[in-house]
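The values are calculated or read from the model by the stated rules, or taken from the named source; none is laboratory data. Owing to the predicted nature of the structure, the values given are computational and were not obtained by experimental measurement. Every residue, glycine as well, gets a Cβ built from its backbone with ideal geometry; the counts of neighbours run over all protein chains shown. SASA here: full protein model, heavy atoms, side chains in, ligands and nucleic acids out. Shrake-Rupley method; radii C 1.70, N 1.55, O 1.52, S 1.80 Å.
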Amino acid sequence: MSPAASTPAYRRLSVEERRAQLLDAALTLFAHRAPEEVSLDDVAEAAGVSRPLVYRYFPGGKQQLYEAALRSAAEALRTCFDEPREGPLLPRLARALDRYLAFVDGHDAGFTALLQGGSVVETSRTSAIVDGVRRAAAEHILRHLQVSEAGPRLRMTVRMWITAVEAASLIWLDEDKQPPVTELRDWLVEQFVAVLAVTANRDEQTAAVVGRLLTPADG
């Protein structure tokens, strides 16, 4: 076989493929370093392209690239709670948390920077992206609870729990990922039931949800 025949043919990436390549490189960097510590040169090097090419796809520079990467990460987080509404609820919630915590584990410093804020590239738009993930997670959970119109107490309880999950995730990273992730997941599921039970004492809608939740099938 001739050298020419053994060399793979070069394939030019489409616009969508190149953009995805750059976003993947940026997400990998943001996953392990704070956003302000990542430069366009770093992204170009990680993607194996030139800095002008990065600017061609993201003419707004680092801010535009960060927001695009953040939207990509946000979409991944949203899908964590996109669980089929079949079978007992608590195992469904556990599976969703497994995916969520796997994302946290894989993105480490980037997840911390994302939720803690304070980055020089943080704006009202990036804050809205993060809040959108929280709202989407709450809507997923309420649908799993078979609630079409949540009252203020139930909605507040679900959103408070989501905030607690975020806080626990940050502390877990800070504590060298202890306790083990499966123990953390089970603990968070138990906390979900507990906060619903407290609200149920003051809210009939939540009491009905808890009644469905704690059936023998859910254990």
Worksheet item: Got a number for carbon plus sulfur as a percent of the stretch 42-97's accessible area, 1.4 Å probe?
Response: 50
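If a/c stays under 1.5 just call it rounded; otherwise compare a/b with b/c (prolate if a/b is bigger, oblate if not). Do that for the stretch 126-219, with a ≥ b ≥ c from the square roots of the Cα gyration tensor eigenvalues.
oblate
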Worksheet item: Can you give the angle from 0 to 90° between the axis of helix 181-200 and the longest principal axis of the chain, with both taken from C-alpha atoms, to the nearest 10?
Response: 40
Item to complete: Could you check how much of the accessible area of the stretch 149-202 is carbon and sulfur, as a whole percent, using a 1.4 Å probe?
Response: 56
Worksheet item: Expressed as a whole number of Å, what is the distance separating the alpha-carbon centroids of the stretch 154-204 and the stretch 41-101?
Response: 23
Worksheet item: If you work out log10 I(q)/I(0) by the Debye sum over Cα atoms at q = 0.12, 0.15, 0.16, 0.18 Å⁻¹ from the coordinates, which of (1) -0.58, -0.88, -1.00, -1.23; (2) -0.73, -0.98, -1.07, -1.24; (3) -0.60, -0.95, -1.08, -1.38 do you get?
Response: (2)
Worksheet item: Tell me, what is the percent relative contact order of the chain, built from C-alpha pairs under 8 Å that lie six or more residues apart?
Response: 20
Discussion item. Just to confirm the filter: which GluC sites (Glu not before Pro) across the stretch 140-219 are DSSP coil and have at most 16 other Cβ within 10 angstrom of their Cβ?
Written reply: Glu149, Glu175
Worksheet item: Cβ under 13 Å from Arg56's Cβ, Arg56 left aside: what net charge do those residues give with Lys, Arg +1 and Asp, Glu -1?
Response: +3
Response to the item:
Surrounding charge for Ala25, neighbours by C-beta under 10 angstrom, Lys/Arg +1, Asp/Glu -1, total -3
Discussion item. Just the number please: accessible area per residue for the chain, 1.4 Å probe, all protein chains included, in Å².
Written reply: 55
Worksheet item: Near Arg153, within a Cβ-to-Cβ distance under 15 Å, what is the net charge of the other residues, with Lys and Arg +1 and Asp and Glu -1?
Response: 0
